[in-house]
Amino acid sequence: MYNIYIIPKLTKNQHSIAFYPKFAIITLYKFSYRLYRFLIIQSVLLVLIRISASFMSIIYSAAQPTGNIHLGNYFGAIYNWAKLQDDNECIFGIVDLHSLTVKNNPTELRKRIYDLARIYIASGIDPKKSIIYRQSDVSEHAELAWILNCVTPIAELERMTQYKDKSAQHKQNINAGLLTYPCLMAADIILYNTKFVPVGEDQVQHVELARTIAKKFNNQYGDTFILPKSKLNKISARIMGLDDPTKKMSKSATSEYNYIALTDSPETITKKIKKAVTDNGSEIHYTLDKPAIANLMTIYHLITGLELKEIQSRFKGKGYRDFKTDLADRIIDFLKPIQEKFNAIEDNELDLIFKSGAKQAKDIASKKLKQIHQTIGL
Ligand code: AQP
């Protein structure tokens, strides 16, 4: 099949003007054949890429620029996102509209948005593989949130744990956004035909509500949305506060001794780990009735990759002091390359990433919203 054209070789003498037309035809044949072969290979490759892309899942997740990103956010979410980006189509948002549910200083908020993007990239999220964008750059989120508000029963929103916790925490500012937050989060997710949402345990209830809302919409208007599922990394899904191991580590904790921020200095890390609450006794042993040491051992495991049993035997006969000193040193070493990358990323680099991310996200979101408009009769 490949030798359809028998192309005679030209001898030296044949390279004369007399042979020019024949030579030109042969060259044209050769060229067309190569072009034909190139195009066939390209089409086959394109079909293969499309087939493999159709098996890829769409992954969506996001974080709020509400404070210092800590080890809980990192191991519960961001670290897992980076691992998913080779085999899936990943979209990672900086959900700045969500952060407005609590009071903000505009200058600080702007800085936190850029710093969050820095954290994503320093943690291994590659803007060439994944879409990184700011939620407020894609207005479709806010519009779909309004539409979803109109299919979501208030009772569903009122029973959300985060709404109850945050209303108690911000008594002076219990705004409507705090209550309808899950509708905006549902919009973030289902706007992109998301299949999986890798999150920490505290966000599972919201992802389940997003699924319920999508189901309600589909029942009312016909199949429009894919029903998303949360994706958890069991061991790191709930990192507890260092000052209170019965509550999760949180960006908006009142005490900075609650968390280790990814950008904390070595001195701060050492101080925070030294001050971390411990249980009665002094044995380095993982048991659920000793939540403080269990939490610190989980962090040690995530940082070093050592199994809990190995950690136990490594510190056999030693006390909390030795364990804490080693843990602090290991966290410092672990965060060093992340901090170096974080400090090297310039704002103008991020502006380009935001621009390209917004374009890519908007492209998907606007098509989906158009479809939704048609479905609901707008
Ligand atoms: N302690 C945690 N352990 C494991 N995962 C956690 N996440 C949050 N805290 C822990 C996960 O981090 C991702 C981004 O979180 P977010 O920005 O959506 O905020 P959040 O869930 O409300 O967490 P924070 O840190 O407590 O922030 P604030 O104080 O602003 O509310 C999510 O996937 C989350 O599950």
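Observations on the structure shown:
- Candidates are the residues of the stretch 180-239 that are of a type in the set (Lys, Arg) and more than 15 Å from residue 60 (Cα to Cα); the one that is surrounded by the fewest Cβ atoms within 10 Å (Cβ to Cβ) is 234.
- Every pair of residues 6+ apart whose Cβ atoms lie under 9 Å, when the first sits in the stretch 58-77 and is free of Cβ contacts under 8 Å to residues at least 12 places away in the same chain and within 13 Å of residue 250 (Cα to Cα) while the second is in a helix (DSSP H, G or I) and near the ligand (Cβ under 6 Å from one of its atoms): none
- Residues in the stretch 284-299 that are crowded, with 17+ Cβ neighbours inside 10 Å and of a type outside the set (Ser, Thr, Tyr): 284, 290, 292, 293, 294, 295, 296, 297, 299.
- Of the residues 292, 214, the single one that is over 25 Å from the mean Cα position of the chain (by Cα), small (Gly, Ala, Ser) and at pLDDT 95 or above is 292.
So that you can scan it fast, the table gives a plain yes or no per residue for (1) within 12 Å of the ligand (Cβ to nearest atom); (2) touching a helix residue (DSSP H, G or I) at 6+ places or on another chain (Cβ under 7 Å); (3) among the acidic types (Asp, Glu); (4) modelled with pLDDT of 95 or more:
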{"position": "201", "(1), (2), (3), (4)": "yes, no, yes, yes"}
{"position": "240", "(1), (2), (3), (4)": "yes, yes, no, yes"}
{"position": "249", "(1), (2), (3), (4)": "yes, yes, no, yes"}
{"position": "254", "(1), (2), (3), (4)": "yes, no, no, no"}
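- Considering residues of the stretch 75-93 that are over 10 Å from residue 125 (Cα atoms) and near the ligand (Cβ under 8 Å from one of its atoms) only, the residue surrounded by the most Cβ atoms within 10 Å (Cβ to Cβ): 76
- Some residue of the stretch 266-285 being within 11 Å of the ligand (Cβ to nearest atom) and either in the same structural domain as residue 180 (by TED's automatic domain parsing) or closer than 27 Å to residue 120 by Cβ (or both): no
- Yes/no for residue 126 being of a type outside the set (A, V, I, L, M, F, W, C) and outside any helix (DSSP H, G or I): yes
- Yes/no for residue 283 being charged (D, E, K, R) and assigned to a loop (DSSP other than H, G, I, E, B): yes
- Filtered by the rule that a residue be more than 8 Å from the ligand (Cβ to nearest atom) and buried (at least 19 other Cβ atoms within 10 Å of the Cβ), the stretch 55-64 gives 59, 60.
- Of the listed requirements (1) surrounded by fewer than 18 Cβ atoms within 10 Å (Cβ to Cβ); (2) over 22 Å from the mean Cα position of the chain (by Cα), residue 129 misses just one: (2).
The values are calculated or read from the model by the stated rules, or taken from the named source; none is laboratory data. Remember, it's a predicted structure, so these values are computed and weren't measured experimentally. Positions of Cβ are backbone-derived with ideal geometry, glycine not excepted, and every protein chain shown enters the neighbour counts.
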